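First the structure, in the form of structure tokens, and then the observations on it.
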Amino acid sequence: MKAAPTPGRRVLSRLVRQRGAMTALAVLVLVALACLAGPGLTGTEPDRFYPDLRLLPAGLGAQPDEAHLGLALERIAFRIRARVAEATRDGETLRLVLAADAPIDRRGLVYLPRSDLFGPARVVGEEEGGRRLILAVPVRALHFPLGTDIHGRDLLARSLVAGRVSLAVGLTATLVALLIGIAYGATAGLVGGAVDAVMMRIVDALYALPFIFFVILLLVFFRASLGLMLVAIAAVEWLDMARIVRAQTLSLRERDFVRAARALGSSTPRLLARHIVPNALGPIAVAATLLVPQVILLESFLSFLGLGVQEPQTSWGVLIAEGARSIETAPHMLAAPAAFLIATLVSLTVFGDGLADALDPRGRET
Amino acid sequence: MIGLVLRRLAQGVPTLFAVVAVSFFLMRLAPGGPFDLERPLSPAAMENLRKVFGLDRPLIAQFGGYLAALAQGDLGPSFSFRDRSVAGLIAQGLPVSATLGALALALSAVLGIGLGTLAALRQGGAVDRVIGLTAALSLSLPSFVVAPLLQIAFGLTLRWLPLSGWEAGSPSHLVLPVLTLALPQVGALARLTRTSLAEALRMQPVRTMRSLGLPPGRVTRHTLRGALLPVVAYLGPLAAALLTGSVVVETIFGLPGIGRYFVEGALNRDYTLVMGVVLLVAALVIVLNLAADLACAWLDPRLRVAR
């Protein structure tokens, strides 16, 4: 006879059977992996400015294309103090003829590789006493699947790097809120009596505080920084967690196994660590999963107002703010980071719901 | 009943005091002052200004002075809007924020509770799944993404509605901000209603009602009454948040509401204006939470005895 599955296994198997939750999990893993490993794989650096490729729309074609190539060449030729007399592209190399009224200073040719669109130029020939230079220039093939921003930075690479910050803030702040909330709520629930009453009154009083306003004040008055924002977000979000954990603790407290442990002389910290918190982990996990999107949303909200993540660091909120400012001319600048943010938030919410269903044995899909 | 209301309001006084104290000392600890201009004032002029506004006195004396004035209902003069009182500014901004908030609250309550009920009645079905996903999506759409999208769609492309502005609250200027404010709350309320009602529908009294042959509509109505408790409890703080304005929505749509005054006040170190707004929000939270509790007691007779 096979052994009965443990409760943990049963929850897992119920979770795996939910297609929505599994899809959400797959999206989350994909986004997280892309943010962690992706910036190295896009072939472009997130902080690199391509002044000749500003505001490219999203697309799969290799850059620079014909139109941008011409513009870039003209700009570079101007700096070399010459004109583009002839430019024919043959695959990855460009036959470029520069012409000027005076002999061309070859040191100016460094401007070609410096633009990051071309490799180092090779001088093939010289005519008219150095006033015409014939060059062979390798052309790089860059890809900007999500387009570029006003400074010509790759939006895909930037969205991925921004995602690291957003996800890190979301997870860290949630973890802090979780730890405070669990410690506070479980203590209040387990000790009970006057201590519980006082502790929960404090939570009630804190609920009445206009926290968002305090967070804004804090960030406006003391220079906005990542650490301060983490503290501020965690300070807002632990209240719900404390209430949930306390409610769980209250229902667990009178269960036989807890009373037995107490009768055997377990101390309060041991009771909390061994019996209360492990048994309340299910609802805590659900609440935490649903808390992460709220935190990420709060972070991007603060960054949108210019109070959160500061340049040169970036987050989805920062990118969305940039996109919203130039939405009339370049809607793709809003689309790229917003798509990442929304996909992540929806997936977290759907996965949290699935987890809740899997943990609730009374649910329909058992 | 009246005793309960009075007791709860009295309990709010220490909270309000804490709000005043924290925001007062937080702002004074921070570097910078209300009269720091890009071109610094002459020391004599600065001294004069500080004297006029009482900033030269010791901090505790200033705090006492503020509290004394507050007790008489005086929120003080604004530091950055010349010759305007904070009370006057709030009286100007509150109607804007409150109009938007009330409309958004009504819209999200009707839609959210309606959709949540529908989803709970069709548990596990296609309707439930669609509503669930829509709700998750609406929760995940930040207002600062929705607002510019709405502006593009209805303002620039279709040219049906104005892009921004207030124009004395003309209906066409209200549509987009109200939609933006209401959207995430529709999702939140739908999810809350669905969870609570789905749970209530599994309970014994419902089975009894059904087995007695009550029409499904009546069963739903009876169950919904109890199931709405957590929803109503959520509506309290939500109403406070919506009525006092959303900073983002007011900024994007260029509306002269409380949220904008707050941000401008904070950036200009307008001490009294910031305190006035924070105090107003805290007072509204307390009053509306009480209102929500009273509504819960009306819905569930058991709560009337308990407190």
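Every number in this text was worked out from the coordinates using simple rules, so none of it is lab data. Keep in mind it's a predicted model, so treat the numbers as computed, not measured. Cβ atoms come from the backbone with ideal geometry, glycine included; neighbour counts cover every protein chain shown.
Observations, loosely collected:
- For A:HIS143, the residues whose modelled amide H falls within less than 5 Å of its own, excluding neighbours fewer than 5 places apart on the same chain, are A:GLN63.
- On Cα atoms only, tilt of A:226-253 relative to the major axis of chain A in degrees: 30 degrees
- Take each residue in B:255-262, count the other chain C-beta atoms within 10 Å of its C-beta, and the mean is 1.
- For chain B, the longest principal axis of the C-alpha atoms and the axis of helix B:229-243 are separated by about 30°.
- Gyration tensor (alpha-carbon) shape descriptor, segment A:231-321, a/c threshold 1.5: prolate
- Calculated SAXS-style log₁₀ I(q)/I(0) at q = 0.16, 0.19 Å⁻¹ - segment B:64-223, Debye, Cα scatterers: -0.96, -1.12
- For B:ARG218, B:ARG260, A:ARG325, A:ARG164, order by how many other beta-carbon atoms lie within 10 Å, fewest first: B:ARG218, A:ARG325, A:ARG164, B:ARG260
- Ellipticity at 222 nm from helices only: DSSP H runs of n ≥ 4 in the protein assembly as shown, each -39500 (n - 2.57), divided by the residue count, give -21500 deg cm²/dmol.
- Per-residue Cβ neighbour counts within 10 Å put A:ASP240, A:ASP154 in the sequence A:ASP240, A:ASP154, beginning with the fewest.
- With each label modelled as a point 7 angstrom along the Cα→C-beta vector, the A:ARG114-B:ARG57 pair spans 6.3 nm.
- Once backbone amide H atoms are built at 1.01 Å from N, A:LEU94 has A:VAL137, A:VAL139 as its partners under 5 Å, excluding neighbours fewer than 5 places away on the same chain.
- Number of partner chain Cβ atoms within 10 Å, mean per residue of A:212-224: 6
- Across segment B:70-134, the fraction of Cα-Cα pairs farther apart than 14 Å, rounded to a whole number, is 71%.
- Inter-chain Cβ neighbour average for residues B:232-240, partner chain, 10 Å: 1
- Computed from phi, the 3J(HN,Hα) profile of segment A:337-352 under the Karplus parametrisation 6.51, -1.76, 1.60 (θ = phi - 60°) reads x, 5, 4, 4, 4, 5, 4, 5, 5, 4, 4, 4, 5, 5, 5, x Hz, with x in place of Gly and Pro.
- Scattering profile of the protein assembly as shown at q = 0.09, 0.11, 0.12 Å⁻¹ [log10 I(q)/I(0), Debye over alpha-carbon scatterers]: -0.91, -1.23, -1.39
- Ordering of A:349-357, B:271-279, B:19-27 by burial proxy (mean other Cβ atoms within 10 Å per residue, highest first): B:271-279, A:349-357, B:19-27
- Within segment A:58-81, backbone nitrogen closer than 19 Å to the virtual label 7 Å beyond the Cα of A:GLU126 toward Cβ: A:80-81
- Approximate shape of segment B:253-303 as ellipsoid semi-axes (Cα gyration tensor, √5λ), whole Å, largest first: 34, 12, 5
- Rounded FRET efficiency, nearest 0.05, which uses the C-beta distance separating A:ALA194 from B:MET1 and R0 of 30 Å: 0.65
- Highest-MSF residue in chain B out of B:LEU181, B:LEU255, B:LEU118 [GNM, Cα springs under 10 Å]: B:LEU118
- A:ILE202, A:ILE212 arranged by Cβ crowding within 10 Å, fewest neighbours leading: A:ILE202, A:ILE212
- Estimated inter-spin distance, A:LEU206 and A:LEU71, nm [label 7 Å along Cα→Cβ]: 5.2 nm
- Helix axis angle, A:155-191 relative to chain A longest principal axis, alpha carbon, degrees: 10 degrees
- Rounded to whole Hz, the Karplus (6.51, -1.76, 1.60) HN-Hα couplings of segment B:275-284, x for glycine and proline: 4, x, 5, 4, 4, 4, 4, 4, 4, 5
- Distance between segment A:239-281 and segment B:109-153 - C-alpha centres, whole angstrom: 36 Å
- Cα centroid separation - segment A:63-96 against segment B:213-267, whole Å: 58 Å
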